[in-house]
Each structure stands twice: as C-alpha cells, then as structure tokens.
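Shown next, in structure tokens, is the structure this report addresses.
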Amino acid sequence: MSDYTHDSHVSTEHAVAHPGYGIFIKVWVALVILTGLLVLSSHFGQSYAVWGLLTLTPIKAGLVFYYFMHLKYEGALLKGVVLITIGTLLIFFALLFSDVAFH
Amino acid sequence: MTGHVHRDDLGARLGMWLFLVTEMILFGGLFIAYSYMRYRYPAEFHHGGGELNATLGIINTIVLLTSSLTVVLSIVAIQKADKRKAIAFLATTIGLGLVFLVIKGFEWAAKFHHGLYPSAPHLGTLPQGEQVFFGLYFTMTGLHGLHVLVGISVLTVLARMVGTGSIRQDRYIHLENGGLYWHLVDVIWIFLLPLFYLAA
C-alpha cells in the first residue's frame with residue numbers, strides 16, 4: 001500500500017491488489033486460538049503464565065500490527081517507525097530491569 | 001487554482017502512525033510502571049488479580065478481537081465498492097465497542113460495590129501492594145476505556161461518511177486511519193488481559 005496514489009485519481013488496479021476478506025478471518029481465528037492458549041497457560045502455574053505472557057501476547061500483537069493494521073503491505077518507512085518505537089520501549093524495559101537487578 | 005486536489009495518502013497514514021507512536025509510548029510507560037510494581041509486590045499483585053473477573057476479561061478480549069476484524073473487513077468492503085457491507089461492518093464494530101464498555105461497566109460496578117475504587121476506605125485498609133495494583137488497574141483500564149469511547153465516536157463519524165459517499169472506493173484514507181486507531185486500542189487490551197486478569 002506504500003505506493004498509494006498521491007492525487008485524487010486513484011487507479012483501479014489497486015483494488016485488485018488488495019487482500020480479500022479471507023486472510024483477515026484466518027488471522028482472527030489465529031488470534032482467538034492464541035487467546036485460548038494464553039488462558040490455558042495461566043492455569044498451569046506461574047512459570048507457564050509468564051511464558052505465555054512473554055511469547056503468545058507479542059505474537060498476538062504482531063498479528064494485529066502486521067495484518068489488521070496493514071503493515072505487511074506498507075513500505076520501509078512505516079515499518080521502520082513502528083520498529084523504532086517498539087525498540088525504544090524495549091530499551092526502556094531493559095533499563096528498568098537492569099536498574100532493578102542492581103538494587 | 002485548478003480542480004486538481006492534492007492528496008497524499010501515505011503522508012496521511014504516516015501522520016496517523018506518528019500519533020499512534022505517542023499512544024504506544026503513553027501506555028508503554030504505564031506498562032513499565034506495572035512491571036516494576038509487580039516485581040516489587042508479587043504476592044499482592046497475585047492476590048489483586050484474583051479479585052478480578054477473568055471470565056469477563058476473556059469475553060471482552062474476544063469482543064475487541066472481533067471488532068478489530070469487522071473494522072478491517074469494512075475497509076475490504078469499501079475497496080470492493082460495497083458500501084452497504086462497509087456500513088454493516090462498521091455498525092458491528094461500534095456495537096461490539098459498546099458491548100465492551102457495558103461489560104467493563106458491570107465489572108467496575110462490582111469493584112465499586114466491594115469498596116475497591118480509588119480513595120475508598122476499604123481499599124485503604126489493604127496492603128500497599130494491592131492498593132498499587134488497583135490504582136494501576138483503574139488507571140490503565142480507565143484510560144483504555146476512554147480510548148474505546150473515542151474510537152466508537154470516530155467510527156460513528158466514519159460510518160456516516162461512508163453513508164454520504166465522502167468515503168468511497170477511491171477515497172478511504174480516513175477509514176484506514178480510523179481503523180488503525182481502533183486496532184491499537186485492541187493491541188493495548190491484548191496486553192492488559194494477561195497483566196491484570198490472568199495475573200492470579
């Protein structure tokens with residue numbers, strides 16, 4: 001979608017390049033299954049719950065970003081903006097826990 | 001001036017994404033605060049999570065995931081010039097957003113009934129860690145609920161624009177940007193579910 005038109009004349013060839021309903025319904029099914037697994041993991045004790053939180057939750061968020069938010073179809077610019085933001089947040093988390101570890 | 005109208009859809013989406021970045025940083029800060037407090041008060045957070053209704057949290061997750069699906073399907077419909085389907089999908093999204101808020105309302109009402117709300121006398125008698133847990137719970141789910149309310153309002157305006165033809169097959173950037181906002185609200189809830197409702 002990064003090659004979207006920049007004026008009022010939108011060419012119809014974009015319409016055929018767009019994904020249909022099916023791919024998004026499949027992603028939704030995957031998200032529901034992952035939610036089920038997340039809930040299930042929380043019933044098997046603290047370590048499984050934390051494992052579920054650290055793996056399944058980012059995968060779910062990634063699916064929403066990549067498919068529902070159309071990042072899959074975007075160019076490097078928008079992908080870069082999102083990756084830099086996530087990277088910044090991860091650095092904040094790393095700084096927090098490195099600080100906590102030395103107290 | 002000619003009749004030519006300049007449009008930059010990529011620029012519009014970039015602007016929206018930059019706004020979403022500020023939202024991610026805003027909630028990211030709260031998630032960092034949560035992480036530190038959970039590290040500091042593990043037992044109290046575990047007990048606090050046990051006070052929440054996990055079933056309602058899971059139902060609300062399915063509701064928001066489904067609303068995310070319907071909003072993206074409305075974009076597919078408008079790309080196919082199917083105005084009626086686009087409006088139907090948007091109406092479903094708005095309906096699901098309202099269902100989310102109603103469920104959240106019941107949940108908060110139950111907490112209020114049990115004296116678990118900010119500055120409540122009963123909450124003041126609980127251990128400090130649990131007070132922090134409920135402080136974060138009301139702050140984060142409240143701020144998220146506010147975003148759901150804004151999202152519903154935006155989607156209502158967008159549904160009307162689809163109806164009047166302002167949003168159509170060759171011009172739907174507003175719908176895309178409104179959808180992006182709604183999806184981010186969904187992503188934030190994806191993290192809130194395990195942190196609060198499955199914490200116990």
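Every number here is computed from the coordinates shown, using simple stated rules; none is lab data. Not measured: the values here are computed from a predicted model. Note that each Cβ is placed from the backbone with ideal geometry, even for glycine, and that neighbours are counted across all protein chains shown.
Take chain B, connect every pair of alpha-carbon atoms lying under 10 Å apart with a spring to form a Gaussian network, then pick out the residue of B:S74, B:S119, B:S153 with the largest mean-square fluctuation. Highest fluctuation among the options: B:S119.
Rounded to the nearest 0.05, the FRET efficiency derived from the C-beta distance between A:K79 and A:W51 at R0 = 30 Å is 0.60. Helices of chain B meeting both criteria, an alpha-carbon length of 30 angstrom or more along the long axis and an average Kyte-Doolittle score not below -1.0, with helices taken as full DSSP H segments, are B:9-40, B:54-79, B:83-113, B:128-164. Normalised by residue number, the volume inside the convex hull of the Cα atoms of the protein assembly as shown is 139 Å³ per residue. Counting Cβ atoms of other protein chains within 10 Å of each Cβ in A:59-70 and taking the mean gives 6. Label-to-label distance, B:R168 versus B:A200, with points set 7 angstrom from Cα along the beta-carbon direction: 5.5 nm.
Taking a Cβ cut-off of under 14 Å around B:L123, the surrounding Lys, Arg, Asp and Glu residues balance to a net charge of -2, with basic ones at +1 and acidic ones at -1. Per residue of B:123-129, other chain Cβ atoms within 10 Å of the residue Cβ number 0 on average. For the protein assembly as shown, the dipole from Cβ point charges (+1 on Lys and Arg, -1 on Asp and Glu) about the Cα centre works out to 500 debye, to the nearest 20. What does the C-alpha gyration tensor say about the overall shape of chain B? Classify as rounded when a/c is under 1.5, otherwise prolate if a/b is larger than b/c, or oblate. Verdict is prolate for chain B.
The helix-based estimate of mean residue ellipticity at 222 nm for the protein assembly as shown, built from -39,500 (n - 2.57) per DSSP H run of four or more residues and divided by its residue count, is -26500 deg cm²/dmol to the nearest 500. For the segment B:180-188, counting C-beta atoms of other chains within 10 Å of every residue's C-beta and taking the mean gives 4.
Among the listed pairs A:K79/B:K111; A:K79/B:K104; A:K26/B:K104; A:K72/B:K80, those whose Cα-Cα separation exceeds 29 Å are A:K79/B:K111; A:K79/B:K104.
Note on segment B:9-197: with charges restricted to the Cβ of Lys and Arg (+1) and Asp and Glu (-1), its dipole about the Cα centre is near 520 debye.
Separation of segment B:1-61 and segment B:115-191, taken as the distance between their Cα centroids, equals 9 angstrom. Based on C-alpha pairs under 8 angstrom that are at least 6 apart in sequence, chain B has a relative contact order of 35 percent. Could you tell me the calculated FRET efficiency between B:R84 and A:V29, based on Cβ-Cβ distance and R0 = 25 angstrom, to the nearest 0.05? Plugging the Cβ-Cβ distance into 1/(1 + (r/R0)^6) gives 0.50.
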